[in-house]
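The values are calculated or read from the model by the stated rules, or taken from the named source; none is laboratory data. Given the structure is predicted, the values throughout are model-derived calculations rather than measurements. Virtual Cβ from ideal backbone geometry, glycine too; neighbours counted across all protein chains shown. To get the accessible areas, we keep the full protein, side chains included, count just its heavy atoms, and leave off ligands, DNA and RNA. Shrake-Rupley method; radii C 1.70, N 1.55, O 1.52, S 1.80 Å.
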Amino acid sequence: MKKVITYGTFDLLHYGHILLLQRAKELGDHLTVALSTDDFNRIKGKASYFSYEKRKMMLEAIKYVDEVIPEHNWEQKENDIKNNNINVFVMGDDWKGKFDGLESCCEVVYLKRTPDISTTVIKTELQHII
């Protein structure tokens with residue numbers, strides 16, 4: 001079985017997220033999503049609209065996602081890859097080059113982002129509507 005992993009906050013879930021998860025799943029048989037915890041988001045200086053538990057529930061409902069695990073810190077990726085027998089690490093191409101060091105553990109793939117959509121854009125546009 002070929003196992004794939006990706007990481008993210010997945011706040012304000014949108015079609016760009018779904019397309020990323022779909023393309024990540026196409027790279028293997030099993031997709032694990034490491035979801036940033038609320039505490040980790042605070043460390044990163046991010047505020048999520050939905051709590052970790054609600055974001056986890058939404059991800060688990062997506063047919064491309066086989067498993068959701070918590071992301072507690074930047075450093076856990078290598079251990080996640082080894083402990084979950086991961087073959088492919090996937091991130092959006094806005095992270096291109098940042099995780100090349102993981103190539104000693106598995107294949108690293110950067111997928112092109114969906115144009116014209118991001119959580120940041122949604123949050124900005126919502127502020128103008130209200």
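Quick notes on this structure:
- Taken over segment 1-18, the criterion of being modelled with pLDDT of 90 or more, hydrophobic (A, V, I, L, M, F, W, C) and part of a loop (DSSP other than H, G, I, E, B) is satisfied by Met1, Phe10.
- Residues in segment 41-60 that are of a type in the set (D, E, K, R) and within 13 Å of the chain's Cα centre (by Cα) were compared, and the one that is surrounded by the most Cβ atoms within 10 Å (Cβ to Cβ) is Arg55.
- Whether a residue is open to solvent by less than 50 Å² (accessible area, probe 1.4 Å) and under 20 Å from Ser118 (Cβ atoms) was assessed, and Ala24 passes this test.
- Selected residue (criterion: surrounded by the fewest Cβ atoms within 10 Å (Cβ to Cβ)) from residues of segment 61-98 that are among the acidic types (Asp, Glu) and part of a helix (DSSP H, G or I): Glu75
- The one condition in (1) closer than 27 Å to Met1 by Cβ; (2) assigned to a helix (DSSP H, G or I) that Leu35 fails to fulfil: (2)
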